[in-house]
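The next block holds one structure in the form of structure tokens; read it before the comments.
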Amino acid sequence: MPRPLTATIHLDAMARNLDRARACAPGAKVWGVVKAHAYGHGLARGMRGFAGADGLALIETENAIALRELGWIRPILLLEGVFDPADVPLLSRHGIVSAVHCDEQIGMLAAARHEGPVDVYLKMNTGMNRLGFRPAAFRAAYERLRAIPAVREIGFMTHFANADEADHPQVSVHEQIRRFNEGTQGLQGPRSLSNSGGVLLQPELGAELRNDWVRPGIMLYGGTPGGKSAQEHGLLPTMTLTAGIIGVQDLQPGDAVGYGSRFVAEAPMRVGVVACGYADGYPRHAPHGTPTLVDGVRTVLVGRVSMDMLAVDLTHIPSARIGSSVTLWGKGLPIDEVAHAAGTIGYELMCAVAPRVRMMEADHG
């Protein structure tokens, strides 16, 4: 029998979250973001879960090609574009759309021998200061792209730095939209501004935030970029990480648990040892008090997370025993809540699930 640790992927929840993204941005097409192997869910599962998306977006050329080999026939977008001149011919060969964010990528496109037309998204840096051309340099970059015979459609994109806080005093969504509109004025092509935060803001901002395509990521997996909870946004968890209890210890006052003896019992208590640790992707820095569920009953982590094990308080769950099921995040326990307790974000927990963790798909629900 395998070790009692499973990440269950809820494909129906992925489809429901995609529907929610569409409802927030009526009229816009949806790039379903499947980077980082679909946020740890697996590329093939991401493709199936988001089968209703208008296109899929990711980072690596090789994974874009893998999507084609898996049978995806709709558009694919490389969110960071190509990294090497050798990758440029693959764009037309496999029908891949590429972001363009720097002069060097324009140079690669200009120098390449293309097998057919190429569609691109020219990226504007509107305040994130990661990738893209500043508004003042945007039109010149556009003209350079337009002069390349193989370049067919040129779309326009940017990325919000603070979509979870639309009125952020440093760089607001409103200011980024203004810069984007100014930099693209008079240019024709599809526009894509909204990440998950932007999609969830869409009903609030209305016509100010015009998207031909939106690019939801974390919301498709049942997490949020900040602000309201996933449940408040009508999102469902798409990954449930469960493990079994493999040991039980009865502690007396003064007994310690785990490496470093950081947790010391103040009263008699019962502790369950769970078959999951940081080598499985559970955060080592998760502190005492991080929530878990044991047989559906809420309890907390105790002591330091080990490589292969962690411990939970069973004192108030007398029926718990070896073999009891422990939910570490997912259905019944929002991943964002666990991440917040551990001082991180749900994105990291999903993406960090280790290859040794068995993954399975739920039949339904």
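The values are calculated or read from the model by the stated rules, or taken from the named source; none is laboratory data. Everything numeric in this text was worked out from a predicted model, so none of it was measured. Please note: Cβ atoms are built from the backbone with ideal geometry, for glycine as well, and neighbour counts cover all protein chains shown. In case anyone asks, the SASA skips ligands and DNA or RNA and just uses the protein heavy atoms, side chains included. Shrake-Rupley method; radii C 1.70, N 1.55, O 1.52, S 1.80 Å.
Expressed as a whole percentage, what fraction of the accessible surface of the stretch 269-349 belongs to carbon and sulfur atoms when a 1.4 Å probe is rolled over the protein heavy atoms?
Numbers: 1870 of 3160 Å².
Of the solvent-accessible surface of the stretch 269-349, carbon and sulfur hold 59 percent.
Rounded, prolate or oblate for the stretch 124-246? Axes are the square roots of the Cα gyration tensor eigenvalues, ordered a ≥ b ≥ c, and the cut-off for rounded is a/c under 1.5.
Values: a/c = 2.51, a/b = 1.86, b/c = 1.35.
Prolate, since a/c reaches 1.5 and a/b exceeds b/c.
Among (1) 18.7; (2) 25.6; (3) 20.0, find the value of mean projected area of the Cα convex hull in nm² that was calculated from the structure presented, and write down its label.
(3)
Run the simple label-point estimate for T315 and R298 please: 7 Å along Cα→C-beta, distance reported in nm.
1.8 nm
Note down the nm distance, to one decimal, between modelled labels 7 Å out along Cα→Cβ at L187 and at E361.
Between L187 and E361, the label points sit 3.9 nm apart.
Can you give me the angle between helix 173-184 and the longest principal axis of the chain, using Cα atoms only, in degrees from 0 to 90, rounded to the nearest 10?
30 degrees
I want to make sure I understand the PRE zone here: with the label point 7 angstrom from the Cα of R93 toward its beta carbon, which residues in the stretch 60-77 have backbone N atoms less than 15 Å away?
61-69
Would you please give the FRET efficiency between E337 and R74, computed as 1/(1 + (r/R0)^6) with r the Cβ-Cβ distance and R0 = 30 Å, to the nearest 0.05?
On the way: r = 34 Å, r/R0 = 1.15.
Rounded to the nearest 0.05, the efficiency is 0.30.
Nearest 10 degrees, 0 to 90: what angle lies between the long axis of helix 196-205 and the longest principal axis of the chain (Cα atoms)?
The angle comes out near 70 degrees.
Cα to Cα, under 20 Å, and not fewer than 8 places away if on the same chain: which lysines meet these conditions relative to K331?
Leaving aside lysines fewer than 8 places away in the same chain, those within reach of K331 are K228.
Stretched out fully, how many nm does the piece from Q249 to A207 gain, at 0.36 nm a residue minus the Cα gap? Could the numbers behind the result be given before it?
Values: separation 42, 0.36 × 42 = 15.12 nm, distance 5.94 nm.
Using 0.36 nm per residue and subtracting the Cα-Cα distance, I get 9.2 nm.
Among the aspartates and glutamates, which have Cα under 18 Å from the Cα of K29 when same-chain residues fewer than 8 positions away are ignored?
Straight-distance partners of K29: D19, D54, D119, E153, E208, D212.
Restricting to DSSP loop positions (anything but H, G, I, E, B) with no more than 10 other Cβ atoms inside 10 Å of their own Cβ, which trypsin sites (Lys or Arg not before Pro) remain in the stretch 207-274? All intermediate terms of the calculation are to be shown ahead of the outcome.
Details: sites: R210, K228, R262, R270; in loops: R210, K228, R262.
Passing both the DSSP loop test and the Cβ count: no residue.
In square angstrom, what is the accessible area per residue of the chain with a 1.4 angstrom probe? Mind showing how you got there, number by number?
Numbers: 15960 Å² over 365 residues.
Result: 44 Å² per residue.
So which GluC sites (Glu not before Pro) in the stretch 189-298 are both in a DSSP loop and have at most 12 other Cβ atoms within 10 Å of their Cβ? Numbers along the way, then the final one.
Values: sites: E204, E208, E232, E266; in loops: E232, E266.
Of the GluC sites (Glu not before Pro), the ones in loops of the stretch 189-298 whose Cβ has at most 12 other Cβ atoms within 10 Å are E232, E266.
Might you work out the accessible area of S98 for me, using a 1.4 Å probe with all protein chains in place, and round it to the nearest 10 Å²?
0 Å²
With label points built 7 Å along Cα→Cβ from the Cα atoms of I322 and D54, find their separation and express it in nm.
Distance between label points: 5.6 nm.
So if I take the centroid of the Cα atoms in the stretch 338-356 and the same for the stretch 256-315, what is the distance between those two points in Å?
16 Å
Could you tell me what percent of the accessible area of the stretch 40-126 is made up of carbon and sulfur, with a 1.4 Å probe and every protein chain present? Mind showing how you got there, number by number?
Details: 1720 of 3260 Å².
For the stretch 40-126, the apolar C and S fraction of the accessible surface comes to 53 percent.
Rounded to the nearest 0.05, what FRET efficiency do A352 and A147 give with R0 = 35 Å and r taken as the Cβ-Cβ distance? Could you check? Walk me through the intermediate numbers first.
Details: r = 44 Å, r/R0 = 1.25.
The formula returns an efficiency of 0.20 here.
If you line up the long axis of helix 11-24 against the longest principal axis of the chain, both from Cα atoms, how many degrees apart are they, to the nearest 10?
50 degrees
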